[in-house]
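One structure is given here, and the rest of the page talks about it.
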Amino acid sequence: METINSYNFAEKRAIVRVDFNVPINENYEITDDTRIRAALPTVRKILNSGGSVILMSHLGRPKDEYEEKFSLKHIVSHLSGLLELDVKFAEDCIGEQALNLAQGMKPGEVMLLENLRFHKEEKKGDEAFAKQLAGLADVYVNDAFGTAHRPHASTTIVANFFPKDKMFGYLIGKELHHMDKILEAPQKPFTAIMGGAKVSDKIPIIENLLNRVDNIIIGGGMTYTFIKATGGKIGTSLVEEDMLDVALEIVEKAKKKNISLYIPEDNVIADQFDNDARIDTCRSDEIPDNKMGLDIGEKTIKKFKEVIEQSKTILWNGPMGVFEMSNFQNGTKSIAEAIANATEKGAFSLIGGGDSVAAINKYNLANKVSYVSTGGGAMLEYMEGKGLPGIKAIRE
Ligand code: AMP
């Protein structure tokens with residue numbers, strides 16, 4: 001398989017799928033350019049190796065046609081500034097203008113294509129559309145991890161037109177490296193921390209991890225489905241009734257496999273889903289009828305910290321409580337700190353999934369953990385053991 005480091009880009013036009021799905025305000029200013037900056041190493045590598053770069057991305061969720069607010073033209077000048085060169089812009093990602101511009105490109109030049117999702121064919125994974133994209137270039141590079149679990153034209157189908165000349169960019173390469181490290185050869189003890197609201201979202205990943213981990217820590221809204229399944233009283237806490245059996249199965253499987261499953265023993269409870277609600281703590285299986293659990297309690301935090309700080313590999317997905325509200329953030333914050341401490345002592349820690357990433361950033365700990373994954377859904381699916389279409393399209 002080709003890699004971005006080994007491939008000879010000289011005189012070649014590379015079409016690179018990036019994730020430029022950045023937040024843009026009503027004045028069309030980019031309010032956070034992290035994703036654009038993240039793509040630069042790949043772009044620079046190709047340019048420095050004598051190639052030219054055609055960038056393609058989606059932005060927002062347009063309704064299959066042109067919408068001013070989702071035009072990628074709004075990022076051209078910012079991108080030009082970052083790369084210190086004049087980025088060309090094709091007003092449609094396919095068609096005559098894009099083709100003419102592409103054919104006229106010289107080594108060292110960069111062009112950006114208009115939003116792929118202005119064509120419904122992109123999300124449909126349309127072959128003819130993918131072929132037109134492929135016709136713009138000599139080589140395909142996928143560097144958009146966040147969409148690698150989608151079989152879209154630009155993320156997956158287009159790769160078929162480059163049987164040999166296809167590869168991952170640095171960003172996807174990094175994501176895969178870190179996730180494979182955890183899936184293939186984790187240092188023990190390996191602890192997975194799962195939180196967030198919905199059990200149903202996390203079941204497949206927990207199932208896959210049951211073959212790999214030593215400890216599973218459960219927190220967040222998911223807790224109460226487990227507590228109820230094992231006979232506890234959960235008051236008005238979040239619960240997924242149709243997941244009770246599945247939760248019980250996980251408890252049983254963990255037992256059989258000798259995995260320690262840690263479910264919170266105490267909770268911060270409130271009479272309403274409100275930061276100013278009346279707050280109390282109690283055992284997780286004795287929540288009064290009119291109260292709901294919104295964070296893990298002190299005893300639980302102490303126990304979880306112990307487990308985390310003795311771990312050598314840590315995967316964290318999902319907050320321990322309603323961390324967006326200051327009175328219910330203690331659990332999430334403490335767990336984030338424990339992960340940072342373990343990392344300092346030599347553990348490898350991977351944080352993934354929208355809300356745990358938001359949490360780790362909120363507590364300024366992103367640079368105290370080993371790796372923060374950029375692709376929420378894609379990361380979850382990869383950790384579930386599923387082959388992602390965008391990854392398979394390059395590897396196979
Ligand atoms: P998810 O997207 O499934 O990872 O869920 C993240 C959300 O779960 C966050 O917005 C949290 O506020 C929420 N959450 C965490 N703990 C609880 C809880 N005990 N009750 C209700 N929501 C919670």
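The values are calculated or read from the model by the stated rules, or taken from the named source; none is laboratory data. In this text, all values refer to a predicted model and were calculated from it rather than measured experimentally. We place every Cβ from the backbone using ideal geometry, glycine too, and count neighbours over all the protein chains shown.
In table form, for the structure just shown:
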| quantity | calculated |
| --- | --- |
| Verdict on Lys164 being away from the ligand (no atom under 16 Å from the Cβ), outside the structural domain of Ala254 (by TED's automatic domain parsing) and either assigned to a helix (DSSP H, G or I) or closer than 21 Å to Ala342 by Cα (or both) | no |
| Checking His178 against (1) in the same structural domain as Glu324 (by TED's automatic domain parsing); (2) within 20 Å of Ile335 (Cβ to Cβ); (3) in contact with a Phe, Trp or Tyr (Cβ under 9 Å, 6 or more places away or on another chain), the condition it does not meet | (1) |
| Qualifying residue in segment 352-361 (condition: within 17 Å of Gly173 (Cβ to Cβ) and either over 18 Å from the mean Cα position of the chain (by Cα) or not basic (Lys, Arg) (or both)) | yes |
| Residue ID - farthest from the chain's Cα centre (by Cα), chosen from residues in segment 292-306 that are outside any helix (DSSP H, G or I) and more than 8 Å from the ligand (Cβ to nearest atom) | Gly297 |
| Residues being closer than 23 Å to Ala277 by Cα and modelled with pLDDT of 95 or more - total across segment 313-366 | 16 |
| Enumerated helices (runs of 4 or more DSSP H) restricted to segment 80-147, each holding at least 3 residues that are under 23 Å from Ala10 (Cα atoms) | 96-103, 127-134 |
| Search result, residues across segment 385-396 that are crowded, with 17+ Cβ neighbours inside 10 Å and in contact with a helix residue (DSSP H, G or I) (Cβ under 8 Å, 6 or more places away or on another chain) | Leu388, Gly390, Ile391, Ala393, Ile394 |
| Boolean, Asn275 is assigned to a loop (DSSP other than H, G, I, E, B) and either away from the ligand (no atom under 12 Å from the Cβ) or crowded, with 23+ Cβ neighbours inside 10 Å (or both) | no |
| Where a residue in segment 195-209 is buried (at least 19 other Cβ atoms within 10 Å of the Cβ) and its partner, wherever it lies, is among the aromatic types (Phe, Trp, Tyr), with Cβ under 9 Å and at least six apart | Gly195/Trp316; Val199/Phe226; Leu209/Phe190 |
| Boolean, Tyr363 is surrounded by fewer than 23 Cβ atoms within 10 Å (Cβ to Cβ), of a type in the set (Phe, Trp, Tyr) and under 21 Å from Gly221 (Cβ atoms) | yes |
| Matching residues in segment 339-360 - criterion: being near the ligand (Cβ under 7 Å from one of its atoms) and among the small types (Gly, Ala, Ser) | Gly353, Gly354 |
| Options Phe70, Phe9: the member that is aromatic (Phe, Trp, Tyr), under 24 Å from the mean Cα position of the chain (by Cα) and surrounded by 13 or more Cβ atoms within 10 Å (Cβ to Cβ) | Phe70 |
| Qualifying residue in segment 323-338 (condition: among the β-branched types (Val, Ile, Thr) and either within 16 Å of the ligand (Cβ to nearest atom) or in a loop (DSSP other than H, G, I, E, B) (or both)) | yes |
| Hits in segment 309-331 - residues which are touching a residue at least 40 places away in the same chain (Cβ under 8 Å), out of contact with any Gly (no Cβ under 6 Å at 6 or more places or on another chain) and closer than 22 Å to Ser200 by Cα | Ile314, Leu315, Trp316, Val322 |
